[in-house]
Amino acid sequence: MGEHADVLPLIDVRGIRVDYGDGLLALDGLDLCLPRGCHGLLGVNGAGKSTLLKVLLGLLRPRAGSGTVLGEPIHGAGERLRLRIGYMPESDAHLGDLPAIESVAMLGELSGLGATEATRRAHEVLHYCGLGEARMRSADGFSAGMRQRLKLAGALVHDPELLFLDEPANGLDPAGRETMLAMLREVAARGVSIIVSTHLLPDVHELCDSVVIVSKGRVVRSGRVDELITGLADLWRIQIDGSVDAYAKALEAEGLEPRLDNTRGVVAVQCQPHSGTTALFRAAVNASVGIRELSPGTKSIEDVFFESIEEPHGHS
């Protein structure tokens, strides 16, 4: 890498268009520019996330558009680019009854390492991923958590600069999920950039600096997580004495859209910026309920995600 590698965008693609024929448009003029760091890639099934990853890996040539990943052009640099990128697929990728150490070493060789170095690195990353004692066993007998960690070891074996992770915590129990997130935080802390494609929105909040939301083949919103969850509207959390459902109906009559947590007697409601709390108290009077506590809240990643995919055009 050159001396200015750190100031180059991690990803910079413009006008990416991919269609699969029969009117199936996977990416529709997608633009994306990201700095180095840890980024969440969000979208419903069919939004274009997997297609975008294939384009960025150099595995799929778009019909239109161009760009760079790690300063390398996405056209014509696929093999060279993949030597610098680790990829953890959503689906299991181990080969039959091959021992874990051989499976990971093979991936190291495919990523450009010599046989001896690939085997040495395989031992290291399997130990790092908590599979040192199981490295001579076939993955066919691994638990779901062990198979996920094996895929991570395969993605890390050649010491990449950038990791693409597709649903890294998929199928894990809470302890396994926390183990996976802790490992990824350590990897990110060592300066490796990460792109996480996931449906588990809390994982994005815990792991990522920023989020990219894709809908219908386009980026509809992107930005730092802390800035996006602050939002532009006033969000209030209201603790109720009385019927939460009655209060919710009264808020709806005021033109608001409440979200309920009946188990805690809490209503969250979003108002227009600087509109004040008059409507909130008026609804309480109309519903004959008391307000025990009124406090400003923040949006969640879930709020931002659903707002973004429901907007007609989105924004970045």
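Throughout, read-outs are computed from the coordinates displayed, never taken from laboratory work. Owing to the predicted nature of the structure, the values given are computational and were not obtained by experimental measurement. Glycine gets a Cβ as well: all are built from the backbone with ideal geometry, and neighbour counts include every protein chain shown.
Just a few scattered comments:
- Relative contact order %, the chain, counting alpha carbon pairs below 8 Å whose residues are six or more apart: 18
- As a size descriptor, the averaged projected area of the C-alpha convex hull of the stretch 232-298 was calculated at 3.8 nm².
- Taking the C-alpha atoms only, the angle from helix 115-128 to the longest principal axis of the chain is near 30 degrees.
- Most mobile listed residue (Leu59, Leu34, Leu260) in the chain, GNM with C-alpha springs under 10 Å: Leu260
- Computed from Cα atoms, the angle from the helix 144-156 axis to the main principal axis of the chain rounds to 60 degrees.
- Local electrostatic count at Lys151 - Lys and Arg +1, Asp and Glu -1, tallied over other residues with Cβ under 14 Å: -2
- GNM remark for the chain: springs join alpha carbons under 10 Å apart, and the peak mean-square fluctuation among Val219, Val267, Val204 falls on Val267.
- Order of Tyr128, Tyr87, Tyr20, Tyr247 - criterion: other Cβ atoms within 10 Å of each residue's Cβ, fewest first: Tyr20, Tyr128, Tyr87, Tyr247
- Order of Asp92, Asp19 under a 10 Å beta carbon neighbour criterion, fewest first: Asp92, Asp19
- Per-residue Cβ neighbour rank within 10 angstrom, fewest leading, Cys271, Cys129: Cys271, Cys129
- When shorter helices are ignored and each DSSP H run of at least 4 residues is given -39500 (n - 2.57), the per-residue value for the chain at 222 nm works out to -10000 deg cm²/dmol.
- Selected from Ile213, Ile194, Ile240 as most flexible by GNM, with the chain as the system and alpha-carbon contacts under 10 Å: Ile240
- Across the chain, Cα-Cα distances exceeding 30 Å account for 45% of all pairs.
- Lysine pairs in the chain with Cα atoms under 26 Å, if 8 or more residues apart or on separate chains: 7
- Taking Cα atoms only, the orientation of helix 301-310 departs from the longest principal axis of the chain by about 80 degrees.
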